[in-house]
Amino acid sequence: MMKTVDEIREGFLSFFEKKHNSTRVKSSSLIPDNPTLLLTSAGMVQFVPYYLGIEKCPYEPARATSCQKCARAGGKDSDIENVGRTPRHHTFFEMLGNFAWGDYYKKEVIPWAWEFVTSSEYLGLDKDRLWVTIFETDDEAYDIWVKETDIDPKRIKRKGKKDNFWGPPGPTGSCGPCSEIHYDLGEHLKCSDDCGIDTCECDRWVEIWNMVFTELFQDEEGNQTPLDKKNVDTGMGLERIAMVAQGVESTFETDILKHILNKVCEISGKNYKENQKTDISLRIVTDHARCVSFMIADGIMPSNEGRGYVLRMILRRALRHGYLLGLDLPFMEPVIQTVIDKYCAQYPELKENEAKIKATILKEEERFKLTLDKGYQLIESLIEKADKMISGEDAFKLYDTYGFPFELTNEIAAEKGLSVDEAGFKAAMQEQKERARASAQKVVITDDLNYINNPATDFVGYEKNVENGKILSIVDENGNNIEIARNGIFDIILDKTPFYAECGGQAGDSGILEINEQNFEVIKTFKVQDIFVHRVIVEDAEIKKGDDVVAKIDIERRQEITKHHSLAHLLQAALQKVLGGKEVHQAGSAVDENRTRYDFTFDRALTPQEITKVQDLLNSWINMNLIRTTKVMSIDEANATGAMALFGEKYGDFVRVVSFDKDDECFSKELCAGCHINSTLELRLAKIVSESACAAGVRRIEAVCSNSAFELLNSKADMLDDLSKINKVPADKIQEKIEKLTAETKELSSKLGDLEAARAKDSFNTFMGKAKEVNGTKVLITKTEDFPPNAIKLGLELVAKKLGQSVCVFCSMKKDGTVFVTAKVSDSLVSKVQAGKIVGEITKALGGNGGGKPQIAQGMGKTQEGIEDILLKIEADVLEAI
């Protein structure tokens, strides 16, 4: 049966890929390819175009399976306060899913799900602890559950729309019933004598699998009609099902998360399950460390808006709870390292971005440390002014502006004989939550009718940074068209705008809408067909449909975005020139004010020399003062000029062609609707930051220019100066010094290895007396100290040689909690016992893998838990076999 997280993940994907002919699809980024979503928060997000019918499903047959990275600023209702306070809420989680578009449906997937959950070949869960809920009128699902599975019909419960009907995201859209599988963790967790699957939602009951059947379309009047093609969208939270499979009551105690939790306990000196308040902080740091690591690996950076704001909020909450645990900032590095180590095999982007993840978090920790100090200064000032109480508004300012924990504010105030208005603080907190929820959008599947019932926006941003306009439409957070917007985040559509909408890889503009002599912040701009949508924060004011507007973009940010967009064009041309043009084609891009990310087709990693050539070519073009020209022409004319059409773009009859030229020579020419510099001199400097694998046959380059390039080089120069001081050598001698230290370390490691081998040899000689003899064969299966692998293998050869005809198995108990397993079987015994099978069985039981030849094999177990019982079983099996 599957127990570990890795086993369940691979088992689920293989079940649908190999047994049910589904295409295995790699997890998409936490940054969704959808401007209306903040983060990827469900497995079906990357498949939305197929559900909407916007794109044809590329899989044959039309079915897929995936394990999707998901992030939410909290639990089911995006309430981050639940995380850490319940046994199974997370900001980041993995979602197993299987999907079908007009292919298999209820009759197929319900029995499949039951087989996977109950069969001993897969999860093997106890059927007497499983319950199923269905929509109250879904007789079809009920009949399938009863006739096609062996579930006890008494364990099937009918529920209403609130629980078992997946409604449309707005007034209209696809919808349908769902079937859910729940697991009973046990009566000891019951909340009352009336506790039951159909009466409460306490911690006793865990929803482990939700199967949504979208079979209806709901119109504006609420009428529902059958869809031509019925679809399946299912989701199984990996952490939750691992909790159930492993027989624990919290996802934080599952095999991977518990390693992160243990690391937090180790650095804080706290023990888990000794103090309820401490446990909350331990779980929060554990969960949030994982979440921020994945967010940064996928390219999200801390900021004060959008995804960056969510990242900073989650990270600061982790740091705040680390402070409550008594940890001094910075403290996150060992926790982040544990996250990377435990997840990098499945998600290599963590290892690839390890340095960036650690550097980003360290910078935020140092910044937060400064705000804590400023918070102390403010609270001392408030104490001096206060009579008996610090207001809730001031307490929230300490929390929101300076990241100051309310508990700490309350504690310091109490020492001075003061109290804090907790009710006022909670009211301010609730108001902030409501604003945050509007940004942290849920998954929306919509035909965008709320936006496209407007004329095409007149975009004037190529020529202007400021423009007068009029509000044509206001859409609230629920997707409703409204007349007046008060206090919240709203989508505003103007008749004309200078704001560039996110498109073609270029980030959308931010800035200000000036309305009735008040300024309203535009936090993002995105595009729905030909409509430009401005996401606007409205606080302590109101705006109305029909209001006159002065739209002003953030010019400085636009300039830096523009530079990085032009850099992407030059980078494409440079790569084609250095690598041979025909092989290199754009496979995706993302440009913002801080960097250029460029994906391109190529079948191998670039050599350091090639990267240098590309970078040198970019900087030579920058200094040549290439001039940008833009022409509008028909698509046929553009193709005739040799202009490149870019990945994923849809072009109309007329297109903009952007080229960079010097005299009569053209260096780059592409179809592009984005914003660009006038001269390459504006880029000042280009620096390639990284080159890595993105997907099979696709490489990714990240590069910076202008201010970002100089900031990067200054940072590296500062680092070089620090290394120079630490090593007490001039900067130009650092490489020589490091090479010398590396050689010395290698030599010392070799000597240490020899000493360890000698010590191991002495130790292994003591094992001789432990061998058991049956029919002239000696069997030695034992644990050893944490010796290096080479020493273990040397000792194994030595002992096996002395024992003669024998079966020898050594399990080296590593300090990091893993087990190195190696085995040797005499040639005369391989017909009865094989080393590869022994190692495979041991390592699999320890959550790892291994194997080899019948005579000799090795492997690695991921845990030491239960090893004594495992070795006793192996020994008994071997003795019986010989």
(request) Ignoring everything but the protein chains, give the 1.4 Å probe accessible area of Y183 in square angstrom, nearest 10. (result) 20
(request) Between the alpha-carbon centers of region 605-646 and region 122-172, tell me the distance in whole angstrom. (result) 57
(request) Count charges around P177 for me, please; just the other residues with Cβ under 15 Å from its Cβ, Lys/Arg as +1, Asp/Glu as -1. (result) -1
(request) Give the Rg (one decimal place) followed by the Dmax (whole number) of region 1-121, computed from C-alpha coordinates and expressed in Å. (result) 15.6, 44
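If I compute solvent accessible area with a 1.4 Å probe over the protein chains, what percent of it on region 189-256 is carbon and sulfur?
Details: 1220 of 2990 Å².
After summing per-atom areas, the C and S share lands at 41 percent.
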(request) Whole number in Å², please: accessible area per residue of region 25-167, 1.4 Å probe, ligands, DNA and RNA not counted. (result) 41
(message) Using C-alpha positions alone, give me the convex hull volume of region 1-43 per residue in cubic angstrom.
(response) 93
(request) For region 526-567, state the semi-axes of the equivalent ellipsoid (square roots of 5 times the eigenvalues of the alpha-carbon gyration tensor), sorted largest first and rounded to whole angstrom. (result) 27, 15, 9
(request) Please give, to one decimal in nm, the separation of the simple spin-label points placed at D139 and K426, each 7 Å out from Cα toward the Cβ. (result) 4.8
(message) Rolling a 1.4 angstrom probe over the protein chains, ignoring ligands and nucleic acids, what is the accessible area of V460 in square angstrom, nearest 10?
(response) 20
(message) I'd like the accessible area for M301: 1.4 Å probe, protein heavy atoms, all chains in place, Å² to the nearest 10.
(response) 80
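Please calculate how many Å² of accessible area region 459-547 carries per residue, with a 1.4 Å probe and no DNA, RNA or ligand atoms counted.
Numbers: 3760 Å² over 89 residues.
With all protein chains present, region 459-547 gives 42 Å² per residue.
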(request) Tally up the carbon and sulfur contribution to the accessible surface of region 502-564 as a whole percent, 1.4 Å probe, everything protein left in place. (result) 37
(request) Looking at the chain, send over the antiparallel percent of its DSSP beta bridges, to the nearest 5. (result) 85
(request) Over region 192-339, consider all pairs of different Cα atoms and compute the Kirkwood hydrodynamic radius from their mean reciprocal separation; express it in Å, one decimal. (result) 18.4
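Percent of alpha carbon pairs in region 77-220 separated by more than 23 Å? Don't skip to the end; give the middle numbers.
Working: 4314 of 10296 pairs.
When every Cα pair of region 77-220 is considered, 42 percent fall beyond 23 Å.
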(request) Find which of Q559, S706, I54 sits farthest along the positive direction of the dipole of the chain, computed with +1 on the beta-carbon of Lys and Arg, -1 on that of Asp and Glu, about the Cα centre. (result) S706
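Gain in length, E514 to N21, computed as 0.36 nm per residue apart minus the alpha-carbon separation, to one decimal in nm? Each step should come with its number before you reach the end.
Working: separation 493, 0.36 × 493 = 177.48 nm, distance 5.56 nm.
Result for the pair: 171.9 nm of gain on full extension.
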(request) State to the nearest 20 debye the size of the charge dipole of region 56-190 about its Cα centre, where the only charges are +1 on K and R beta carbons and -1 on D and E beta carbons. (result) 440
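Given charges of +1 on the Cβ of Lys and Arg and -1 on the Cβ of Asp and Glu, with all other atoms neutral, how large is the dipole of the chain about its Cα centre, in debye to the nearest 20? Don't jump to the answer; show the numbers that get you there.
On the way: 114 positive and 142 negative charges, 641 e Å.
Dipole of the chain, to the nearest 20 debye: 3080 debye.
Give me the number: length gained by fully extending K716 to V729, i.e. 0.36 nm times residue separation minus the C-alpha to C-alpha distance, one decimal in nm. All intermediate terms of the calculation are to be shown ahead of the outcome.
Working: separation 13, 0.36 × 13 = 4.68 nm, distance 1.69 nm.
Extra length available between K716 and V729 comes to 3.0 nm.
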(request) Answer rounded, prolate or oblate for region 347-410, using the Cα gyration tensor with square roots of eigenvalues a ≥ b ≥ c: rounded when a/c is under 1.5, else prolate when a/b is larger than b/c, else oblate. (result) prolate
(request) Would you calculate a helix-derived [θ] at 222 nm for the chain, using -39,500 (n - 2.57) for each DSSP H run of n ≥ 4 and dividing by the full residue count, to the nearest 500? (result) -12000 deg cm²/dmol
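Quick one: if you take sqrt(5λ) for each eigenvalue of the C-alpha gyration tensor of the chain, what semi-axes come out, biggest first, whole angstrom? Please report the intermediate quantities before stating the final value.
Details: eigenvalues 463, 276, 206 Å².
Value: 48, 37, 32 Å, ordered largest first.
Going through the cross-link list K26/K815; K107/K147; K69/K363; K263/K814, which pairs have a Cα-Cα distance over 22 Å in this structure? Don't skip to the end; give the middle numbers.
Values: K26/K815 34 Å; K107/K147 10 Å; K69/K363 25 Å; K263/K814 16 Å.
Beyond 22 Å between Cα atoms: K26/K815; K69/K363.
From the square roots a ≥ b ≥ c of the eigenvalues of the alpha-carbon gyration tensor of region 752-872, which class results: rounded (a/c under 1.5), prolate (a/b over b/c), or oblate?
Working: a/c = 1.62, a/b = 1.09, b/c = 1.48.
Judged from the Cα gyration tensor, region 752-872 comes out oblate (a/c at least 1.5, b/c at or above a/b).
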(message) I'd like to know which of L185, W145, T133 lies farthest towards the positive end of the charge dipole of region 128-222, counting +1 on Cβ of Lys and Arg and -1 on Cβ of Asp and Glu.
(response) L185
(message) So if I take the centroid of the Cα atoms in region 676-734 and the same for region 289-341, what is the distance between those two points in Å?
(response) 24
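Assign unit charges at the C-beta atoms only (+1 for Lys and Arg, -1 for Asp and Glu), then state the dipole size of region 179-234 relative to its Cα centre in Debye, rounded to the nearest 20. Please report the intermediate quantities before stating the final value.
Numbers: 4 positive and 15 negative charges, 51 e Å.
Value, rounded to 20: 240 debye.
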(message) Apply the Karplus curve 6.51 cos²θ - 1.76 cosθ + 1.60, θ = phi - 60°, to the phi angles in region 176-185 and return the couplings in whole Hz, x for Gly and Pro.
(response) x, x, 9, 10, 10, 9, 10, 10, 8, 6
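Where both partners of a DSSP beta bridge lie in region 767-833, what percent of those bridges are antiparallel, to the nearest 5?
Percent antiparallel among DSSP bridges in region 767-833 is about 60.
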(request) Give, to the nearest whole percent, the P(r) tail of region 577-735 beyond 19 angstrom, counting all Cα pairs. (result) 64
(request) Using every pair of alpha-carbon atoms in region 274-364, split the distances into 5 Å bins beginning at 0 and state the percent of pairs per bin, rounded to integers. (result) 3, 15, 26, 24, 18, 9, 4, 1
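What does the C-alpha gyration tensor say about the overall shape of region 683-818? Classify as rounded when a/c is under 1.5, otherwise prolate if a/b is larger than b/c, or oblate.
On the way: a/c = 4.80, a/b = 2.36, b/c = 2.04.
Judged from the Cα gyration tensor, region 683-818 comes out prolate (a/c at least 1.5, a/b above b/c).
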(message) Leaving ligands and nucleic acids out of the surface, order K844, K127 by accessible area at 1.4 Å, largest first.
(response) K844, K127
(request) Whole number in Å², please: accessible area per residue of region 174-256, 1.4 Å probe, ligands, DNA and RNA not counted. (result) 41
(message) Within region 846-861, list the residues whose amide N lies under 18 Å from a label point set 7 Å along Cα→Cβ of E266.
(response) 861
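The values are calculated or read from the model by the stated rules, or taken from the named source; none is laboratory data. Because the structure is predicted, anything quoted here is derived from the model rather than measured. Every residue, glycine among them, receives a Cβ derived from its backbone with ideal geometry; neighbour counts consider all protein chains shown. With ligands, DNA and RNA removed, areas are computed over all heavy atoms of the protein, side chains included. Shrake-Rupley method; radii C 1.70, N 1.55, O 1.52, S 1.80 Å.
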